[in-house]
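The values are calculated or read from the model by the stated rules, or taken from the named source; none is laboratory data. What you are looking at is a predicted structure, and each value in this text was computed from that prediction instead of being measured. Note that each Cβ is placed from the backbone with ideal geometry, even for glycine, and that neighbours are counted across all protein chains shown. In case anyone asks, the SASA skips ligands and DNA or RNA and just uses the protein heavy atoms, side chains included. Shrake-Rupley method; radii C 1.70, N 1.55, O 1.52, S 1.80 Å.
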Amino acid sequence: MLRSRPFILVLLALVLAGTWWRLQPEPGQLREVRLLLGTTIEIVAEHPDADRLEDAVAAAFDEIQRLEWLMDPQRPDSDVARLSATEKSLKVAPETARVVELGLDVARRSDGAFDLSLGRLKALWGLDGSTPQVPGAQEIAAALQGIGPEALQLEGLEILKSDPGLSIDLGGVAKGFAVDRAVAVLGEHGVTSAAVNAGGDMYLLGSRGKRPWRIGIQHPRKSGAVLTSVEASNLAVVTSGDYERFFEQDGRRYHHLFDPQSGYPADACQSVTVLADSVALADALATALFVLGPERGLELLSAYAGVEALIIAGDGRMHPSSGWKTFVPSDDSGS
Amino acid sequence: MTTGDCLLAVGLLSLALAGLVWCATGPVGERVVVSDGQKVLYTAPLDTFIEVDLEGPLGLTRLRIDEQGARIIGSPCPLKVCMGMGPARRDGDILACLPNQILVEVVGARAEDAPYDLLSR
């Protein structure tokens, strides 16, 4: 027994070591998902110090929550709700002003394809409520009165409305801004590798181990299938598609991306994916390009240095921007 | 070495071999975790065939787990976006019904040869 004891102890140690190794979580990584901003917010972050990592992720979620309180139109005390209720002007938080500034810039450069003043139109269609419906032509025309790139003016922190009845909707850019801020907070806490994903609108900070992050792009007509993929590092990836939110009436599908010219869902595209250095910009541009369609959309994109896009037209054809392919991995098996 | 020693050694050796196989088999033990965004409401192995009703503020969301993965097949929400999300089967895949506050996540070991880390949709 005495002679065999070391052998048995070695075996015992092997069993314990194997069990311990197998049960270890991925070193220095934390993943957390919460329901915020009307979507799922997923943060995956890495840092060798577990306590610091936990603090960083909690602080990033706190920042998103704070911005939601500022810009959620359903909260009566939010900047957006107060701005819609006011008749002339309102002083807002610096973050709200920054979102409006960015949104107005894309609105002007896209000739109104992106619009921050579609609150009345969206409420009329009811896609965020329990009873979506196709409104009458007169109702739509009334909801479009006074909208456009000049409907809002920003002077410092003061936002002026050209029409007292305008209802403001920052949804097309506020979510992206919140992701950008969460990434900044993670960076302030020393995190250099992370992904912040707000329902598919995401920023990829640093790399995934020794390689770039690899992002699958949803196929617009095959649920759960991947159309293609991109490799991303310190990059925003945002996709807008007509399959995200919709309802059907009289055999026809109506989705949530509205053409401000007609007041009806835009039909030039199935989906648009934008790569940019900020999620807020990518968010706004994805909507603008979706409304403009492939030809005018790519023309608008050429004015934005370092921004790339993949536009899937209404007929299903793919229209990549000139630099898109540099982000597609060589072994991509997508169509 | 006594007979008892031999039996103990054989037992431990078997355990060690089983452990080695366990270490090498990759992404096993994937589970479906359902929460309301804060607290866990339900959890089940991904290889279980099951249909379950999950209660949210609007009513019952029906979750099915089968060979295709986990997917929402019934929901009281108005737009049924959650039902159009398709199946979740990879580690990190998420389904959500925001109106009914149901969040479905697949968790488990990640395959290194997975085609993507996150899905933009």
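Quick notes
- Screening residue B:84 on (1) within 10 Å of chain A (Cβ to nearest Cβ); (2) free of Cβ contacts under 8 Å to residues at least 60 places away in the same chain; (3) surrounded by 16 or more Cβ atoms within 10 Å (Cβ to Cβ) shows it passes everything except condition (3).
- Residue among A:242, A:277 that is surrounded by 21 or more Cβ atoms within 10 Å (Cβ to Cβ), out of contact with any helix residue (DSSP H, G or I) (no Cβ under 7 Å at 6 or more places or on another chain) and within 26 Å of residue A:99 (Cβ to Cβ): A:242
- The residue of the stretch A:192-224 that is surrounded by the fewest Cβ atoms within 10 Å (Cβ to Cβ), among those that are more than 11 Å from chain B (Cβ to nearest Cβ) and at pLDDT below 95, is A:210.
- Residues (in contact with a Cys (Cβ under 9 Å, 6 or more places away or on another chain), of a type in the set (Gly, Ala, Ser) and assigned to a loop (DSSP other than H, G, I, E, B)) located in the stretch B:59-106: B:75
- Scan of the stretch A:248-269 for residues that are open to solvent by less than 20 Å² (accessible area, probe 1.4 Å), under 22 Å from residue B:80 (Cβ atoms) and either aromatic (Phe, Trp, Tyr) or assigned to a strand (DSSP E or B) (or both), ordered by number: A:255, A:258
- Boolean, residue A:90 is crowded, with 18+ Cβ neighbours inside 10 Å, assigned by TED's automatic domain parsing to the domain that holds residue A:151 and at pLDDT 95 or above: yes
- The sole residue among A:238, A:274, A:230 that is without any contact (Cβ under 8 Å) to a residue 40 or more places away in the chain and assigned to a strand (DSSP E or B) is A:274.
- Within the stretch B:87-103, considering residues that are touching a Gly at 6+ places or on another chain (Cβ under 7 Å) and under 16 Å from residue A:225 (Cα atoms), the one most open to solvent (accessible area, probe 1.4 Å): B:89
- Residue pairs whose Cβ atoms lie under 6 Å apart, separated by 6 or more positions or on different chains, with the first residue in the stretch A:132-155 and open to solvent by 60 Å² or more (accessible area, probe 1.4 Å) and the second among the hydrophobic types (A, V, I, L, M, F, W, C), are A:139/A:124; A:153/A:160.
- Any hit, the stretch A:183-191, residues being away from every other protein chain (no Cβ under 14 Å), part of a loop (DSSP other than H, G, I, E, B) and open to solvent by less than 10 Å² (accessible area, probe 1.4 Å): yes
- Hey, residue B:37 open to solvent by less than 30 Å² (accessible area, probe 1.4 Å), of a type outside the set (A, V, I, L, M), at pLDDT below 80 and in a loop (DSSP other than H, G, I, E, B) or not: yes
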